[in-house]
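To start, the structure under review is shown below, and the notes come after it.
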Amino acid sequence: MATRRTTRRLTGSEPSRTTGARAAAIAEQLRHECSILLELYKKKESFTPDILVADGRLVSVPPPSSQLDARDKLWCVHSALLQCHILMERAIAKEEAELSGGKRADYETQRKMVKDRLSLLLINTGELLRAMDGTAAVQTPSVDGLELNSPTALFELKVWVYRIFREVDYWTRTAVSVLQALPSATTKERMMTTRVRSVRSTR
Amino acid sequence: MCRRGHGQSVAMARSSVNPGSKFSSSFALHICVLAGLLASHTLATDALPVPQQLSILADLAAQQLSISWVGGAATTFDLTILRTELDETVFFETISVASNPTSGRQQWNWTSAEPLECTSLSVQVRSRDGQSTSKWSDTLIHQGNDLPTNTKAQVYPQDKVVPVGDNTTICCVVKEKRRFGSMFLGNTTLASKLISRRTYTITVVNQRPSGPAGTNVYCLDDQKTLMDGTVVFVGYPPLPTDFVCETRDLTTTVCQWNVGRESYLYGKRGTNYFINGRRCAGGKLERKVCPLDEWGGNWTLVARNSLGQHELSDASELSHRVCPVAPVQFSAVTHAWNATVLWQWEHDSYYSLSLACQVELTCMGVKTKRTFTGVGLRSVVVSNLYPDEDHSVKVRCGAQRNFWKWGDWSEAFPFRTNVTFPDAPDVWVWINGDNTGQLVWKPMTHRQSHGQIRAYKVTFWSPEENEQHSEVILPNSFAAPVNLSHFATFSGDRIVASVIAENMGGASPPSSVLIPLNWTDKESIAASRAVYADGIFPLSWQSNENATCGYVVEWHQGSCTVNCPVKWIKVAPGSSNASIESADFLPGVRYHFSLYSCSSEPVQLLQRWQGYMKELVPSSPVTLAAHQEGSDLVLSWDGIPLVSRRGFILGYSVYISDGSTSTLLANITDPEARAYRVKGYSTGTYKFTVKTYTSAGEDTGATASVTLERYADWLILEILTSLGIIALFMVILAFICCKKRNWVKKAFYPDIPEPKLTGVWSRTQGPLDVKPSPNSVVHIVEKPEWDSSKEMLVVIPEEDEGDEGQMIGDEPVDTDEPTSIRYYNQVVDERPIRPRFPDSSASSASSLDSARTDVTYTGIQTSASSLVWPADPQGPGESHQPLADLAAAAAAGGGGGGYKPQMQTTAQTQDLGLASPESPSEPQADFSGGYKPQSSWHFDSPTEAGEGSGLMPSLGSPTSVASTQFLLPDGEDGGEERRQPSSSASTWFTNLLSSSKP
C-alpha cells in the first residue's frame, strides 16, 4: 500500500507542480476580475468610495494561519472558495429575482465571469489537493454553518451581495498568496514523504 | 382649574404613551392657547359631545392613517396630528365627516408625507359647531419605529415604488448610541431634517426614472459607516398600445400589443398583462403575443404594475382577422428557365380558403416579388429564371377575401435551375502588322454560359474556296491564332472566323467575324483625341450606311502593338456614338480606340481615337545632351517612349540652374522639338534642365551640364577681319594719297618759297654780324650804336660768350641758353602778335628743348596772309620789301656774303621797340656762310630742293622749330590764286600745331 502511494506521489509530482502554477495563475486572474467586479458593483449601486460596510465574515472558514502547512492552508482556501462559490450563486439568483431587468450590462457579464473563474479555481485547487494528498478524490469541505439566508429588504440584499463579492475578493487574494507560496516540487516531495512516514509511524 | 383639567387630560394621554418625554415651551404655549379657547366657549362645550372611541388604522405602505371615532350627531371636527416626541404639529384642520350609518362612526383618512414608521404621531379630535367646539378627545398615538426599545438603525420607506416626478420623503432612524452622519441618494448627499430624537428625513423631489436595481438611499453615521438604506424605484404606470387579436388557424386567437411607454420597472415591479382576466406573459419582446384557445370576438387587455394599470379592448369577426401561418414543406420541379415551387399548409382549413400568396424570388442577391392567387394555393410556377443558377423563394399568404394582412414569411427554399446551351460568344479579331493576329472572344459570364463551358470550337473557312479549318480551344482560353498569309492563295478577299461554345447543355449558336485578307493598316487613318469625362470615353462618329449590322469599337493600350489584349463593344446599327466604360482604364495609359463597321462585307476601319483616362506627368525624363556649336549651346534630346509619356506631351520647358535656383529659359510648345539652341551666354559652365510637360504638369526633367568655351576660330576670324579692314583702309588711304598726292603735298608739305629779291638788294645796308654758335643760339641784340641808317642783324657766336657776357650786361638776354642766334628782324609785322608765352624766358626755354639748335623764328612772315598784309604804311611797293630782301639775301647767302635782308627803310626804332622774345625771328644764318636761312630747308627737303617752284617747309627737319607762323612759299609761278588755298591749309595746319603746343 505504501509502495503504491509512493508511486502515485512520484508520478503525481509533476502534475502537481503544473496544477499549482495553473491554479496560481487562475487565482491571479480571478483576483483581477474580482476587483473589477467590485468596482462595477459600487458604480452600479452608486456607493460612495469611502463607504464603510460593517464587517463580519460570511464565509465560515478561519483564515489560514502561519502554523498550518501548505496543504492545510490550501485546504482552508479551497473550503473558503467553495463557500464563496455557493454564496455567489445564491447572490446571483437573488439579484436576478429581485433586481434584474433591462439590458444586460458589463456588471452582469463580469459577475458571470467571476463565478465561472471561481469554479475553475475550485477545480484546480481540488486537483492540487488531490495531488498533494495522493488520493483519487478529495473530500468536499463542509458548508455547514454557512449563512445562506439572504435579506428580504432590497438594500440589505445589495449590501449582502457586496459583502459576498468582497469575500470572494478576500479569499481570492488569500488563494493567490497561498498558491504562490506553495513549496517547489522537490520540497513538496520531501514534505509529502515526511507526511507518509508520519502516517506510517502513527500506524 | 379649567386649564389644569384640560391640561392634565392631554398630559396624561401623552404621558401614557411617552412618559419619558418632557414638555417643551412650545407645547406649553399650545396647551395654554387651547385652554383659553375652551374656556371662552364653556357653554358651547357643554353642548357638543367629545369624540369617543378614537381609533387609528395605519397603512404603512400607503403612509396613510385611517382615523375613526364616534362623534355623535356632529359633522364637523377639528383634527390635529403631532409628532409625539417633539410635539410638532403635522396636521391641524377642521373637517366635515358624516357618520357611517351602519357603524355610527366618523372616519377620516390622512396620508403622511413621511413614512409612518419614522416617528410616533399623536392624534386628537374634537367636535365643532361653528365657533363652538367640544373638548379634545383622548390622544391616540401611532407609534413609530424610533422607540428606544428598537435600537437598530432603520430607513423608511423600504423598497418603495413611486411615479416619475413624484416627491418622496425618506427617514433614517439612527442606531442607538450612534450619531447621525449623512444621508445619500445614490452617491449624492442630501440635506436632512430632524423629526425626532433619532430620526432624520430627506425629501427627494421630482424624481427621475430609476434603473432596474432602483435608486439607493442610505444612511451613514458620523464614522461614515453604513447603518441602513432603502431602494426607491421610480417609474411609470403601464401604457400598452396597438392591442389586436387575429386568428392563424381559423379557430384560435392570437392577441398582440406593444409595450408602449417604458415603465422603468422590472422584475417583481414590472408590468403584468391580463386578457379577459387571464394572465399573459407576452414574452420579452416589445411586441407582446398572447394566444387564446378560442375566438371570443371581444378582448380586453389590462396592463398593471406597482404604479397603476391600463386597459385596451378589441373586437372583430374571425373571417376578418385571418393571418395565415407560413407554408411549409417546400419542393420544386426545376427547368432551365423556370421552376414549379410547391408547399404544404399546417392547417387543413387553409385548403378551402381563398388565398393570395406572395412569392419572393432571390437570385444573385436580387429580390423580386410575384403574387399568385387561388383556393388553398400550394404551388406556383416561377418563370424567367436563369439557367444553372441558384434561386430561392419565400412565400407568404393572406386571405383573398377580407384581406387582413400578409401572414408570416416561410423559410427560404433554395433550388437550382437546369443547364442549357450557351449564348453565342462575342467574337472579334486582332490583326498585327505582319498579317498575323488572333481571333478573340469574351469570356462568358455565368448568365451567358448557362453552365460550365467545356470547350470552344473555332472554324476558319473561305466561302469562295469552300475550305475550312477547325480547332478546339480549351474553356479557359479566349483566343485563337490567325495567320492571313495562310489564306493568301485563296481567290476571295475574306475569310470567315466563327466560334462555338459548348457546355453540358449543348453547343451555342456560332458567332462569326469576316476578316479581310488585306487588312487595313491602322496608321493609315489619323487618330483624333478622345477625352475621358465622367468615367467614360464618349466617342461619336458619322453614321455609316454600310454598317448594316452595326459597329465595333475596340480599344487597347497604346503601348501594345502585337497580339494586344484588345477589348471591344458592339454598337447597334444607326448609332453614331458610344460611351466606352471600363474598370480597367488606368491613369497615365494611352488608349487607342478604333471604330469598325460591321456588314456583310469584311470589317472596315472607319475612325481612330487616342485618349487618356487621366493624364499624368511623364514617368521618365528625356535623354538630354548638350554641346557647343560655335558660341552657342545646343541642347538636344530624344523623344520619350510612349509608355513613359503618360499624357499628351504639350512641350518642353528649358531651365538654367545656378545651383539652388532654376530659371525658365524657354518654353517650347512644339512637342516634336528635339533641340534647343541657347545663345548669348559667355564662357562658363551651365547646367540646363529640360522638363517635358503634359496637361498634368512637368516631369522631373533631365539635366545636363556643359562648359561654354571661347570660340578660337571666331577669335582668329575677328583678328583677321580687323587686320583686313586696317589693311584695306591703309590701301585706300595710300590710294587716295597717291591720287591726291599733290594736294597732300601742298597741304602737309607745301613748298617753301625761296626768297626772291624783287627789289634792290643794295638797299639793305650794314653787315650781317653772325656769330655761329655750336648751339645756334640766336640772340637778338640791340646794338646801342645802331642807327637807323645801319640797321642789321648781329649774330653772336657762342664762342664769344665772354663777349656775350659783356653784351648781356647791356642786353636782355637769357643767359641760360648756351648758344643762341638772335635775330633782330627789322622787317616785322607790325600787327600785334598774340603772346604765346608769358615771357621771353619761356620762349627761350622752349627753344632749348631742341637737341642741337633751337631757332626761334619770330615775326618771320611766311604765310601767305602775312605776305599780303598791307601793313606797311609806305605803300604796296614797300610792303614786299622784306621778302624781296630775304630772297636776295638767300641768293647772296650761298656764298657766305654779308646779309642784310631785313634792313628796311622804315624807322627801326619802333620795330625794335616791339621786339621781344616772342617777336618774329629772322631766318637763321648758316654756321659758316653767314646767314642762309632757307638753305637748311632745302637740305631737309632734298627732293624739293631741285624744284624751282618754292621752298621746303621746315617740317621733318631735325631742327626743332617753334614757330607760330609757317614760312609759305612764294613761288614765282604761284601767283596770288595759288597762294590762297595754300594759305588756308597752312593756316589749318598751323592751328593744329599751335593747339598741340603746350
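Readers should treat all values here as calculations from the given coordinates under stated rules, not as data from a laboratory. These numbers come from a predicted model, not from an experiment. Note that each Cβ is placed from the backbone with ideal geometry, even for glycine, and that neighbours are counted across all protein chains shown.
I'd like the FRET efficiency for residue B:442 and residue B:625, computed as 1/(1 + (r/R0)^6) with the beta carbon distance as r and R0 of 45 Å, rounded to 0.05.
After rounding to 0.05, the efficiency reads 0.45.
Return B:748, B:233 ranked ascending by Cβ neighbour count within 10 Å, so the fewest neighbours appear first.
Ranked by crowding around the Cβ, least crowded first: B:748, B:233.
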If each of residue B:149 and residue B:64 carries a label point 7 Å out from its Cα toward its Cβ, how far apart are those two points in nm? 2.9
Quick one: length gained pulling residue B:528 to residue B:369 fully straight, 0.36 nm per residue minus the C-alpha distance? 52.4 nm
Percent relative contact order for the stretch B:181-250, counting Cα pairs under 8 Å at least six residues apart, stands at 29
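What FRET efficiency, computed as 1/(1 + (r/R0)^6) with R0 = 30 Å and r the Cβ-Cβ distance, is obtained for residue B:687 and residue B:716, rounded to the nearest 0.05?
0.50
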Percentage, to the nearest whole number, of Cα pairs in the stretch A:100-175 over 22 Å apart: 41
Calculate the spin-label point distance for residue B:729 paired with residue B:493, positioning each point 7 Å from the Cα along the beta-carbon direction, and give it in nanometres. 8.0
With a Förster distance of 25 angstrom and the Cβ-Cβ distance between residue B:362 and residue B:294, calculated FRET efficiency to the nearest 0.05 equals 0.05
Modelling each spin label as a point 7 Å along the Cα-to-Cβ direction, I'd like the residue B:57/residue B:658 distance in nm, to one decimal. 11.5
Where Rh is the Kirkwood radius over Cα pairs, Rg/Rh for the stretch B:287-368: 1.16
Only Cα pairs under 8 Å and at least 6 apart count here; give the relative contact order of the stretch B:592-653 as a rounded whole percent. 27
Show the residues, 5+ positions off or on another chain, whose built amide H is closer than 5 Å to the amide H of residue B:708. B:684, B:685, B:686
Pulled fully out, how much extra length does the chain show between residue B:188 and residue B:131, if you take 0.36 nm times their separation in residues and subtract their Cα-Cα distance? 15.6 nm
Once phi is turned into θ = phi - 60°, what whole-Hz ³J(HN,Hα) does the Karplus curve with 6.51, -1.76 and 1.60 give for every residue of the stretch B:280-289, x standing for Gly and Pro? 10, 5, x, x, 9, 7, 5, 8, 8, 10
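Among B:519, B:337, what is the fewest-to-most ranking by other Cβ atoms within 10 Å?
B:337, B:519
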I need the fraction of alpha carbon pairs in the stretch A:64-142 separated by more than 21 Å, rounded to a whole percent. 40
Return the Cα extents of the stretch B:79-142 along principal axes one, two and three, sorted largest first, each rounded to a whole Å. 34, 27, 19
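Run the numbers on the stretch B:425-526 and let me know its relative contact order in percent, using alpha-carbon pairs under 8 Å that are six or more apart.
Relative contact order of the stretch B:425-526: 32 percent.
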Mean per-residue count of partner chain Cβ within 10 Å for A:147-154 equals 3
Tell me the Kirkwood radius of the stretch B:525-564: reciprocal of the mean inverse pair distance over distinct alpha-carbon atoms, in Å. 12.9
Just counting partner chain Cβ atoms within 10 Å, what average do the residues of peptide B:261-270 show around their Cβ? 3
Pairwise Cα inverse-distance average, inverted: Kirkwood Rh of the stretch B:113-231 (Å): 15.7
Counting residues in the stretch B:357-511 as N, plug N into 2.2 N^0.38 Å and put the Cα Rg over that result. 1.61
What ranking of A:135, B:84 emerges when the number of other C-beta atoms within 10 Å of each C-beta is taken as an exposure proxy, fewest first? A:135, B:84
I need the shape label for the stretch B:327-381. Rule: rounded when a/c is under 1.5, else prolate if a/b > b/c, else oblate, with a, b, c from the alpha carbon gyration tensor. prolate
Give the Rg (one decimal place) followed by the Dmax (whole number) of the stretch B:218-336, computed from C-alpha coordinates and expressed in Å. 21.9, 87
